[in-house]
Amino acid sequence: YGSSPENNLIPQTALGILLLIISALLAYAGVRRSLSHAQLFSSVCLTVSALWCGSGLVYILVGQGVVQPTELRAALVPGLAAFTLALFIIGSVALILRKAVLAFLAIGISLACAHQIAGLSAGGFGQSATAANYLLVSLVGGYFSVGRLLSVITDGKLQPPGTGIQKKSELQTEQNQGCSDALSVGLVMNLLSASVLACPLLGVVPQLFTGHVPWLWTAGVFQLGMCVLFYRAMDTLAATFSGFTALLKFAEGYSALLSFYSIQPFSPVPFPVVFSVLFFILAVFSFQKSLLEGLYQFFFVAYCIAIAAQPQGFFQGGTQGVQAAIFIVSAFMLLIATFNMVSSTMIPTGQGHFKALVTKMQGLALRAHDKEFHTPHLGYSKYADAEVLGHACNVLAAFALTATIGDRNPLHVLVLPWVVVAGGALQLLCGSVAFARGKTFESTVFIFYGMMWTMWGLTRYGGLYGETRSFHLSVGIISFMLFNVLVTAAALFLNVAWFVYAFTFQLILISFLLDAVGALPFGYDIGVTIIFGLVSFYFFLSHIFNSTFQSPQIPLGNPLVKLSGVGGGAHVCPHVTARKASSVQQIAEIMKNGGICGMPTDTVYVLVAACNRPDAIVKAYKVKKKAEDRPMSMWVSSIKQLEPVRHLLSPLLLDFMEAAWPSSISMVIPRGPWLDFYGLGDAAKHIGTPQSIAIRNPDCAVATHLISLVGPIAVTSANPTGEADTTHHNQVYAKLLDKVEGVLCDGPSPENIASTVVDCTKIETGHIGFFRVGLIPKSKVLQIFEEVQRRHRHGQTNPVFEPDLHPTETQPDLSSDEDSTIESQRETENSTPPTASPEQSPVLGDRS
């Protein structure tokens with residue numbers, strides 16, 4: 001910026017590429033810190049990343065001759081104006097809250113953008129002021145980063161003044177739920193697109209042209225990123241709004257791109273009208289978050305109506321005027337959202353009014369949006385449900401196809417972005433989220449339909465069709481039809497609504513096929529797309545309504561075909577939360593009555609049965625169909641549950657158990673008469689091998705509480721033999737179906753690593769071995785064992801059992817046993833303890 005415009009220090013293309021690289025690094029830093037305690041830092045990173053991305057793309061277009069150097073001012077000023085205001089607002093909030101470094105960086109870049117606008121507008125102004133601001137930003141950023149690096153390298157011993165960061169415990173008060181950094185960045189992107197479209201109306205730039213495409217599409221890409229972050233924040237409504245606004249920005253950029261070919265696309269009426277209806281419904285339901293957010297979304301309802309009212313859409317004054325209003329409102333929203341995000345003092349936004357209104361209405365009950373609300377059907381997911389956006393995309397894509405082209409060039413009609421972006425890109429995103437949530441059917445539908453919308457939109461409205469209709473295209477459509485037959489058949493087992501949904505899309509595929517072979521009846525394609533659009537709208541409305549209200553619910557119907565298995569209306573066993581003592585008691589009663597249940601542990605979910613119910617143990621063994629080399633194990637809540645049989649066990653073993661438990665350590669010990677005390681009966685053959693048995697005290701409060709209520713339990717992993725471990729409570733029933741009689745639910749497993757299995761069959765000789773090294777490392781186990789041996793050498797025994805020890809109940813010659821153990825240890829303490837082979841392990845097949 002210190003060089004003259006006629007003699008650039010760095011060529012425009014190289015400058016653009018450098019800015020894109022820096023933008024990518026900043027975006028990575030912002031996303032990594034997103035949804036954490038450093039939300040203001042994340043907002044600054046992502047906002048500046050969008051600035052470098054948009055301006056970098058503009059410089060590349062200038063360097064490649066797509067945009068003329070004389071048009072550089074018109075291309076840069078709208079974007080720079082938006083970021084000048086946005087960064088000034090974020091920097092001011094940081095300054096008020098005494099975030100000195102962030103405030104300096106944000107305000108410094110804001111002033112640099114302002115000076116750059118002045119330099120582009122007035123030739124005599126020069127760029128030295130811009131260069132000075134960026135130099136100061138570089139110095140502050142360099143000082144802080146070097147200070148942090150020194151602090152990390154020296155482990156905090158050398159920390160320059162002002163480079164310290166707050167600990168997470170100190171930042172807890174700065175994170176307010178319901179207002180994340182993604183909201184601030186999304187508002188900046190709305191500010192950016194509004195600035196680009198409002199500038200032609202205000203006379204700042206002559207008109208919307210190719211140089212504005214980088215800004216608009218940068219805003220669209222970042223809005224898609226914010227959509228994903230909102231799903232991570234479990235905010236379905238905000239994610240849907242971000243998806244809608246991203247779609248608008250891609251359409252605006254597409255219209256600006258066509259100006260390069262001297263085309264101003266004609267905007268058909270049906271699509272923006274339908275889009276305004278979807279925005280209106282979303283805005284009404286967003287009132288449950290805050291009145292301010294709902295009112296803000298009503299501006300986009302007006303924007304869609306303005307697009308429908310004017311044939312040239314984004315190029316006409318009415319549409320641009322609404323964007324000018326959105327620019328002003330977005331700036332105020334950005335100030336409020338950023339301040340509320342990090343301040344303990346909140347600016348009122350009208351929260352709670354929607355809930356108060358609903359409570360006064362009879363027949364309506366709001367759904368509690370707690371942690372379990374977005375629990376996936378199968379597996380663990382960090383994302384909220386994306387079906388609202390997915391079905392809305394199908395509505396938009398379907399009604400976009402109702403536009404008639406006539407004799408016009410397909411590119412002259414604004415249909416392509418609505419079909420390809422809404423029906424394609426956004427649907428693929430929703431399908432990916434559904435897949436992450438374990439919704440196999442929904443993810444298949446969204447991804448499959450998204451591919452079809454993309455291919456058909458590009459073919460019919462992207463100019464790829466040409467003037468020919470051929471059999472080659474119809475072959476591909478027929479393959480899609482055959483696949484959709486499978487989807488339709490699967491929907492029979494789900495509900496009536498999904499069957500109608502898949503069947504009507506099959507009718508759309510038939511219209512595509514007839515059009516490909518040139519035999520499409522007049523009006524058939526419009527009719528079936530309207531029908532599919534209405535069915536998709538019903539799905540959109542039902543999901544957004546049912547996710548808001550507990551009752552009443554918009555029905556989707558019953559399955560047309562029912563089976564006796566899962567999903568066919570079969571009885572589902574009790575699934576109760578592990579956080580309630582009453583729930584644990586309920587599972588305990590099921591087990592006492594001979595039931596087998598799924599239970600969370602410190603590793604993965606397991607299938608359990610009470611040891612004093614041999615019939616339950618046999619039932620669990622048959623459910624698992626376990627091979628003889630993979631027997632069940634025995635778990636206790638504490639070593640005190642072994643007290644009745646302590647005189648039959650080695651004192652060294654008891655001390656080792658006391659020192660090692662509770663933990664993820666399973667101990668393989670010799671079988672003996674002590675096992676008969678627990679009422680196993682004939683079922684004892686299913687636990688352990690004829691020579692040994694694995695026993696464990698889990699390091700899990702829920703599991704130990706349940707075992708203390710039931711008594712010692714027989715345990716096996718909660719998955720059919722040969723399948724992957726069960727890492728979520730929803731997977732227990734999905735894998736074992738009605739064979740399990742209760743599930744104690746505690747969300748995702750804390751660890752997906754097997755327990756460490758220690759061979760204690762020869763512990764009296766001073767040796768222990770390892771069948772498997774899992775969560776607890778071998779060195780830690782050996783350290784515990786050596787400490788126990790050291791205490792025994794000094795005559796220290798287990799204090800838990802000392803008061804009740806009677807010589808007649810213990811082993812005949814305990815002192816001689818201890819002496820032999822000590823002597824054996826002295827002979828082998830410098831040797832490596834033996835490790836058992838996998839073939840010898842009685843529990844190696846059980847990761848629990």
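The values are calculated or read from the model by the stated rules, or taken from the named source; none is laboratory data. On a predicted model such as this, the values are computed, not experimentally measured, just so you know. Virtual Cβ from ideal backbone geometry, glycine too; neighbours counted across all protein chains shown. For the accessible areas, the whole protein counts, side chains as well, though only heavy atoms, and no ligand, DNA or RNA atoms are used. Shrake-Rupley method; radii C 1.70, N 1.55, O 1.52, S 1.80 Å.
With 0.36 nm allotted per residue and the present C-alpha distance subtracted, the GLU787-PHE280 stretch has 175.6 nm of extension available. You can think of it this way: the chain between LEU534 and THR163 has 127.8 nm of extra reach, that is 0.36 nm per residue less the Cα-Cα gap. In this structure, ALA356 and ASN593 have a Cβ-Cβ separation that, at R0 = 51 Å, corresponds to a calculated FRET efficiency of about 0.65. DSSP beta bridges confined to the range 575-794 are antiparallel in about 65 percent of cases.
In this simple spin-label model, placing a label point 7 Å from the Cα along the Cα-to-Cβ direction at both THR577 and ASN546 gives a separation of 2.2 nm.
Using a 7 Å offset from the Cα along the Cα-to-Cβ direction at both ILE21 and ILE96, what is the distance between the two label points in nm, to one decimal? Here the answer is 3.9 nm between the modelled labels.
Taking the range 12-369, how many lysine pairs are there with alpha carbons less than 25 Å apart, if each pair must be eight or more places apart or span two chains? Count of close lysine pairs: 8. Sorted on the mean count of surrounding Cβ atoms within 10 Å across their residues, most packed first, peptides 715-726, 338-349, 517-528 read 715-726, 338-349, 517-528.
If the limit is 20 Å between Cα atoms, which of LYS640/LYS739; LYS622/LYS735; LYS592/LYS619 go over it?
LYS640/LYS739
Placing ARG579, ARG613, ARG98 in order of accessible area, with the largest value first and a 1.4 Å probe, yields ARG98, ARG579, ARG613. Each Lys and Arg Cβ is given +1 and each Asp and Glu Cβ -1; about its Cα centre, the range 575-794 then shows a dipole of about 140 debye.
Computed from the C-beta positions of ARG367 and ASN558 and an R0 of 25 Å, the FRET efficiency is 0.70 to the nearest 0.05. For the range 473-496 versus the range 348-364, the inter-centroid distance based on Cα atoms is 43 Å. In this simple spin-label model, placing a label point 7 Å from the Cα along the Cα-to-Cβ direction at both SER343 and VAL496 gives a separation of 5.3 nm.
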